[in-house]
Amino acid sequence: MDIRKKLEDEIARKRKLIEDSQIILEKIPGHLRQSQQLAIDIYKREFGVLESELTKLEENSKITNV
Amino acid sequence: MAVINVTPLMDITALINSASVNEGDVLLLEEGIYFQSVAVTKNNIRIIAKGPGVIFDGRSTLIDAFILVDVSGVVIEGINMRHYRGNGILMEFGIGNRIVKNKISNMIENGIELVNSNSNLIWKNEITSCYDGILLINGSTHNWIVENVTKECYGDGYEAFFGPDSNNAFLANTAIGNRNNGMEIYGSNNLILDNLLIDNGQGVIISSGSNTAYIDNTVEGTKLGTHQIFNGYNNFFASENYIFCNRREGMENLGQLGVFLNNEILYNGDTGILLDTTSSGNLVMDNVLICNIPQNIEDRGINNVIIRNIERPCETCEAPSEICNDFPEKVNSMDKPREGVN
């Protein structure tokens, strides 16, 4: 698979997971929310790393095309 | 070191965070159904199922069954996990943890996901109907993925996501009927040894790095590409693999300076070994290729060396589709030639 598409797909999946998780967090019993929030925080960090990888890839591709 | 009995009614995260649990303690889980997510933030905690009936059920509401953050030496053993919205086990910044003999099914995300985690052992887990079975991502290195089974996952059986996910070992794992790849392994210096990949969408993808060794694996019944090495991948080493009855090429190599040695590539529905246009400087030697359609080896690349291979074309009226329909009895009963032309 093309690396750019692979990154874009994974970013889209993670974005949806984070959005869905935040919605469902409100329906979870209070004592379970802390661990759920911990998971969401991990997904957000992961999302950030993937986005920066994609940005790097795009910048490299611009340099190559110049 | 204490052994602490745990029941489904206890909040395990709160228990671990309390002063009554210390490093080296064993949490022995009674059988029953647990509706909770466990966050492990203390080192060397051993979470062990007392019997086969320990079930973590997220009821399609909770996100992950177990979350390990910045811990080492944690053991999670013998637990069933099902119906979470995220992963069975999510680990970030973990080192030297042991994930052993768990059964994980029906996760919307992955069975086990390691994020920027190193030197962990993932052993004898059974993962069914998740997205990826086991995913290594964001710089997960030096992990041992051993004797796991992934089955009927929507994505890949095993995935090392990107170049920084390097120096991992995938040993004696099985991937059956996964929709995407049996193994999608990016990165450098990974060891892929003695795995069995059957009836996956694709077999193996190798990309973004160099120096991976791929030895003694069996790949059968893939529906799309069987084994693809991407352009730019240097010094890939494939030896003693058994690749048969796949719908497309046995091996498609777009990489450079690879070595393909002593592989058996039989009855595939496309070329046995295809050295594609970008391939160069590869050595293809001592392989056995039988009845791959339209030909056993095709070289479209530059400066590839093809020597001492044993090739046999299809016999009259022989076709991979017919042979493979009768598999395994027919293929296994054939004497594979050890000497021949080329």
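For segment B:168-276, count all C-alpha to C-alpha pairs, find those more than 16 Å apart, and express that count as a whole percent of the total.
On the way: 2951 of 5886 pairs.
For segment B:168-276, the fraction of Cα-Cα distances above 16 Å is 50 percent.
Using a probe of 1.4 angstrom, how much of the accessible area of segment B:269-321 is carbon and sulfur, in percent? Can you show the working numbers first?
On the way: 1280 of 2350 Å².
Answer for segment B:269-321 is 55 percent, counting heavy atoms of protein chains only.
Can you find, among B:Asn22, B:Gly272, B:Phe260, the residue sitting farthest towards the positive end of the charge dipole of chain B, where Lys and Arg contribute +1 and Asp and Glu -1 at Cβ?
B:Asn22
Could you work out Rg/(2.2 N^0.38 Å) for chain B, with Rg from alpha carbons only? Please report the intermediate quantities before stating the final value.
Numbers: Rg = 22.2 Å, N = 342, 2.2 N^0.38 = 20.2 Å.
Normalised by 2.2 N^0.38 Å, the Cα Rg of chain B equals 1.10.
Keeping all protein chains in the complex and leaving out DNA, RNA and ligands, what accessible area do you get for B:Ile95 with a 1.4 Å probe, in Å² to the nearest 10?
90 Å²
Rounded to the nearest 10 Å², what accessible area does B:Ser166 have for a 1.4 Å probe in the complete protein model?
So the heavy atoms of B:Ser166 present about 10 Å² to solvent.
Order the following by accessible area, largest value first: B:Trp144, B:Trp123. Probe radius 1.4 Å; ligands, DNA and RNA are ignored.
Result, largest first: B:Trp144, B:Trp123.
Take the alpha-carbon positions of segment B:201-342, form their convex hull, and give its projected area averaged over all directions (one quarter of the hull surface) in nm². Can you show the working numbers first?
Working: hull surface 30.1 nm².
Reported value for the Cα convex hull: 7.5 nm².
In the Gaussian network model of chain B, springs joining C-alpha atoms below 10 Å, which of B:Leu257, B:Leu136, B:Leu266 carries the largest mean-square fluctuation?
Checking each option, the largest mean-square fluctuation is seen for B:Leu257.
With every protein chain present, what is the per residue accessible area of segment B:1-199 (1.4 Å probe, Å²)?
Details: 6530 Å² over 199 residues.
Ligands and nucleic acids excluded, the result is 33 Å² per residue.
Put +1 on the Cβ of every Lys and Arg and -1 on every Asp and Glu Cβ in the protein assembly as shown; which of B:Leu283, B:Phe161, B:Leu68 then has its Cα farthest towards the positive end of the dipole?
So the residue furthest toward the plus end is B:Leu68.
Treat every Asp and Glu Cβ in segment A:3-65 as -1 and every Lys and Arg Cβ as +1, leave all other atoms uncharged, and give the resulting dipole magnitude about the Cα centre to the nearest 20 debye. It would help to have the intermediate numbers written out before the result.
On the way: 13 positive and 12 negative charges, 16 e Å.
Here the size comes out at about 80 debye.
Starting from the Kirkwood radius over alpha-carbon pairs of segment A:3-65, derive D by Stokes-Einstein at 10 °C in a medium of 1.306 mPa s and give it in µm² s⁻¹. All intermediate terms of the calculation are to be shown ahead of the outcome.
Details: Rh = 13.1 Å.
Estimated diffusion coefficient is 121 µm²/s.
Would you work out the charge dipole size for segment B:1-199 about its Cα centre, treating the Cβ of every Lys and Arg as +1 and the Cβ of every Asp and Glu as -1, and quote it to the nearest 20 debye? Walk me through the intermediate numbers first.
Values: 12 positive and 22 negative charges, 69 e Å.
In total the dipole reaches around 320 debye.
Among B:Ile12, B:Ser239, B:Gly203, which residue has its Cα positioned farthest towards the positive end of the charge dipole of the protein assembly as shown, with +1 placed on the Cβ of Lys and Arg, -1 on the Cβ of Asp and Glu, and the dipole taken about the Cα centre?
Going by the charge dipole, the pick is B:Ile12.
List nothing, just return the count: lysine pairs in chain B, 8 or more apart or interchain, with Cα separation under 23 Å.
Close lysine pairs found across chain B: 12.
Please arrange B:Asp64, B:Asp194, B:Asp286 by accessible surface area, largest first, computed with a 1.4 Å probe and ligands excluded.
Numbers: B:Asp64 0, B:Asp194 80, B:Asp286 40 Å².
Accessible-area ranking of B:Asp64, B:Asp194, B:Asp286, largest first: B:Asp194, B:Asp286, B:Asp64.
Placing unit charges on C-beta atoms (Lys and Arg positive, Asp and Glu negative, everything else neutral), compute the dipole magnitude of the protein assembly as shown about its Cα centre in debye, rounded to 20.
Values: 34 positive and 54 negative charges, 187 e Å.
Result for the protein assembly as shown is approximately 900 debye, rounded to the nearest 20.
For segment B:1-199, take the alpha-carbon Rg, divide it by the Kirkwood Rh, and send me Rg/Rh.
Values: Rg = 15.7 Å, Rh = 16.4 Å.
Value, to two decimals: 0.96.
Work out the FRET efficiency for A:Lys44 and B:Glu240 from their Cβ-Cβ distance, taking R0 = 51 Å, and round it to the nearest 0.05.
Details: r = 44 Å, r/R0 = 0.86.
Approximately 0.70, to the nearest 0.05.
Report, by chain and number, residues whose modeled amide H sits under 5 Å from the one on B:Ile45, excluding near sequence neighbours (fewer than 5 apart, same chain).
B:Gly24, B:Val74, B:Val75
To the nearest 10 degrees, how steeply does helix A:33-65 sit against the main Cα axis of chain A, on a 0 to 90 scale?
10 degrees
Ignoring everything but the protein chains, give the 1.4 Å probe accessible area of A:Arg4 in square angstrom, nearest 10.
Result for A:Arg4: roughly 100 Å² accessible.
Mind ranking B:Met81, B:Met10 by accessible surface for me, highest first, 1.4 Å probe?
Largest to smallest exposure gives the sequence B:Met10, B:Met81.
Ignoring ligands, DNA and RNA and using a 1.4 Å probe, state the total buried accessible area between A and B in Å², rounded to the nearest 100. Intermediate results must be reported in sequence, preceding the final value.
Values: alone 5350 and 13780 Å², together 16520 Å².
Answer for the A-B pair: about 2600 Å² buried.
Could you give the alpha-carbon Rg of the protein assembly as shown over 2.2 N^0.38 Å, rounded to two decimals? Walk me through the intermediate numbers first.
Working: Rg = 22.9 Å, N = 408, 2.2 N^0.38 = 21.6 Å.
Scaled against compact globular proteins, the figure is 1.06.
Return a whole-number percent for the relative contact order of chain B, with Cα pairs under 8 Å and 6 or more residues apart as the contact set. Each step should come with its number before you reach the end.
Values: 1215 pairs, mean separation 23.5, N = 342.
So the answer I get is 7 percent.
The values are calculated or read from the model by the stated rules, or taken from the named source; none is laboratory data. Predicted, not measured: the structure shown is a model, and the values here were computed from it. Neighbour counts are summed over all protein chains in view; Cβ atoms, including those assigned to glycine, are modelled from backbone coordinates with ideal geometry. Surface accessibility is based on the protein's heavy atoms, side chains included, excluding ligands, DNA and RNA. Shrake-Rupley method; radii C 1.70, N 1.55, O 1.52, S 1.80 Å.
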